[in-house]
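The values are calculated or read from the model by the stated rules, or taken from the named source; none is laboratory data. Owing to the predicted nature of the structure, the values given are computational and were not obtained by experimental measurement. When we count neighbours, we look across all protein chains shown, and the Cβ atoms used for this are built from the backbone with ideal geometry, even at glycine. Note: areas computed on protein heavy atoms with side chains; ligands, DNA, RNA excluded. Shrake-Rupley method; radii C 1.70, N 1.55, O 1.52, S 1.80 Å.
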Amino acid sequence: MKNLKYIFILSSALFAFSCDNDDTPANGGGTVTDPVETNPANTQYKPAFSGQTRIAGMTTDTEFKADIITSALTSPWGVKALPDGRLLVTQKSTGTLRIVTTAGVVSEPITGLPAVNPANQGGLLGLCLDPDFATNRMIYWVFSEAVTGGNISSVAKGRLAANEKTIENATVIYRSSPANPSDLHYGGRILFDQNGNLVVSTGERSVLATRPLAQSLTASLGKVLRITKEGQPASGNPTFSGAGALPELYSYGHRNPQGLAIHPVTKEIWESEHGPRGGDELNRIKAGSNYGWPTITYGIEYSGQPIGDAIQQKEGMEQPVYYWDPVISPSGMTFYTGNRVPEWENNLFIGSLSGKHIARLVIKDNKVVGEERLLAGEGQRFRDVTQGADGALYAVTDEGRLYKIDKK
């Protein structure tokens with residue numbers, strides 16, 4: 001097991017940044033530093049409000065450590081803590097699950113799930129446990145499914161067998177539409193809200209033919225969905241105008257949302273999504289709202305050309321709470337509710353793929369007021385972060401590692 005020690009030294013110099021004094025964390029949150037992003041942006045676009053990007057940096061004062069629990073996983077994509085403290089992990093490319101103990105013992109692959117299309121960004125993606133898992137052992141997950149006409153993001157459920165070797169009665173409960181041959185931008189996160197309904201993110205599949213469907217209310221691409229355990233539209237979903245609007249839609253105008261989390265205090269849904277070249281976003285999801293893609297964006301095409309009319313604001317479209325340019329490629333995320341590291345309380349932790357770190361965001365009054373980069377020296381693409389039953393954070397990487405992050 002590898003032990004990584006992080007010790008931060010208090011700085012006597014305070015960095016003067018452009019936000020109002022009210023943006024400084026009221027309960028500390030760590031030591032204020034220069035913004036963590038030092039590379040030039042891809043565009044000259046201006047933020048809509050102070051603190052929307054490149055906020056002041058923050059360093060954790062409490063000494064903490066990061067242990068590599070195992071390096072034996074195969075393209076892990078989602079991780080969730082079981083009630084007994086072990087970690088349940090999806091393996092993207094193999095379409096199987098694994099259980100890992102906190103001592104690093106990895107189970108044999110758990111089989112019985114529907115076949116995935118593992119090409120490119122597809123495979124077995126996000127997962128969550130039924131709120132009553134301790135008694136019913138039910139698991140829900142998102143995967144890329146090959147169907148007539150191409151590929152789709154699908155949601156399935158099944159029971160973890162008592163012997164933990166297979167998933168029993170696996171059933172697909174929801175299929176996104178329309179299908180497309182693209183093997184990109186599946187979205188793929190899933191969680192339960194406080195009312196016991198499933199919240200699911202879907203991508204707009206990347207290609208120019210499907211990109212506009214993020215704005216279509218008759219397609220389930222580029223959306224945050226809210227469905228029941230049976231895959232039906234959840235009661236209380238917003239009502240959209242126009243013929244054929246899908247009743248499972250909760251919000252729209254998303255690009256490739258790979259992060260979902262419920263705020264521990266407000267119980268609101270927060271979401272992170274990949275932008276193109278620049279313009280990664282963190283959003284606070286409001287029922288019925290339009291988050292703008294591809295009409296508004298803080299990014300540009302990978303070629304360097306502008307997207308659409310090259311606008312960043314439009315009436316009736318929500319602004320991101322925070323955005324990154326250049327991108328960090330935000331993926332799975334979680335709010336910290338443990339007490340092991342006091343200044344982390346209610347902070348948001350986001351796995352960063354191209355950025356190769358875990359972003360810690362200090363949030364006050366629904367605004368980001370501090371940003372820190374953790375484990376940046378590891379050279380890993382951090383795919384998902386969750387909180388364990390022991391109050392520590394656990395993170396998986398594309399390279400196959402499972403980390404435990406906790407007070408030293």
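Does VAL321 satisfy the condition of being open to solvent by 10 Å² or more (accessible area, probe 1.4 Å), within 28 Å of ARG381 (Cβ to Cβ), at pLDDT 95 or above and in contact with a Lys or Arg (Cβ under 6 Å, 6 or more places away or on another chain)? Yes; evaluated as a whole, the condition is true for this residue. Evaluating VAL100 against the criteria (1) hydrophobic (A, V, I, L, M, F, W, C); (2) free of Cβ contacts under 8 Å to residues at least 40 places away in the same chain; (3) open to solvent by less than 20 Å² (accessible area, probe 1.4 Å) leaves one unmet condition, (2).
Only one of the listed residues (GLY316, GLY304, GLY308) is surrounded by fewer than 18 Cβ atoms within 10 Å (Cβ to Cβ), closer than 20 Å to GLN215 by Cα, out of contact with any Pro (no Cβ under 9 Å at 6 or more places or on another chain) and not β-branched (Val, Ile, Thr). That residue is GLY316. So, in the range 390-405, of the ones that are part of a strand (DSSP E or B) and open to solvent by less than 20 Å² (accessible area, probe 1.4 Å), which residue ends up nearest to SER71 (Cα to Cα)? The qualifying residue nearest to SER71 (Cα to Cα) is LEU402. Quick check on my filter: what residues within the range 33-70 are in contact with an Asp or Glu (Cβ under 9 Å, 6 or more places away or on another chain), among the hydrophobic types (A, V, I, L, M, F, W, C) and open to solvent by 30 Å² or more (accessible area, probe 1.4 Å)? Matches in the range 33-70: VAL36, ALA41. Taking into account only those residues within the range 360-389 that are of a type in the set (A, V, I, L, M, F, W, C) and over 16 Å from LYS65 (Cα atoms), which is surrounded by the fewest Cβ atoms within 10 Å (Cβ to Cβ)? Ranking the candidates gives ALA389 first.
Report those strands (runs of 3 or more DSSP E) wholly inside the range 100-200 carrying at least 2 residues which are of a type in the set (Val, Ile, Thr).
So the answer is 138-147, 150-160, 167-175.
In the range 139-177, the qualifying residues are those that are open to solvent by 40 Å² or more (accessible area, probe 1.4 Å) and in contact (Cβ under 8 Å) with a residue 60 or more places away in the chain, and the one that is farthest from ALA115 (Cα to Cα) is GLU164.
Residue-by-condition table, conditions (1) under 12 Å from the mean Cα position of the chain (by Cα); (2) within 23 Å of SER50 (Cα to Cα); (3) basic (Lys, Arg):
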{"site": "TYR336", "(1), (2), (3)": "no, no, no"}
{"site": "GLU343", "(1), (2), (3)": "no, no, no"}
{"site": "ASN346", "(1), (2), (3)": "no, yes, no"}
{"site": "ILE363", "(1), (2), (3)": "no, yes, no"}
{"site": "LYS367", "(1), (2), (3)": "no, yes, yes"}
{"site": "ARG381", "(1), (2), (3)": "no, no, yes"}
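Could you tell me whether the range 358-379 includes any residue that is outside any loop (DSSP other than H, G, I, E, B) and of a type in the set (S, T, N, Q)? Among the residues of the range 358-379, not one is outside any loop (DSSP other than H, G, I, E, B) and of a type in the set (S, T, N, Q), which makes the answer no. Conditions: (1) assigned to a strand (DSSP E or B); (2) open to solvent by 10 Å² or more (accessible area, probe 1.4 Å). SER354 meets all but one. Number of the miss? It fails just one condition, (1). Entry remark, the range 236-291: residues being part of a loop (DSSP other than H, G, I, E, B) and charged (D, E, K, R) number 5 in total. For the range 207-227, which positions are open to solvent by less than 30 Å² (accessible area, probe 1.4 Å) and of a type in the set (Ser, Thr, Tyr)? Passing the criteria: THR210, SER216, SER220.
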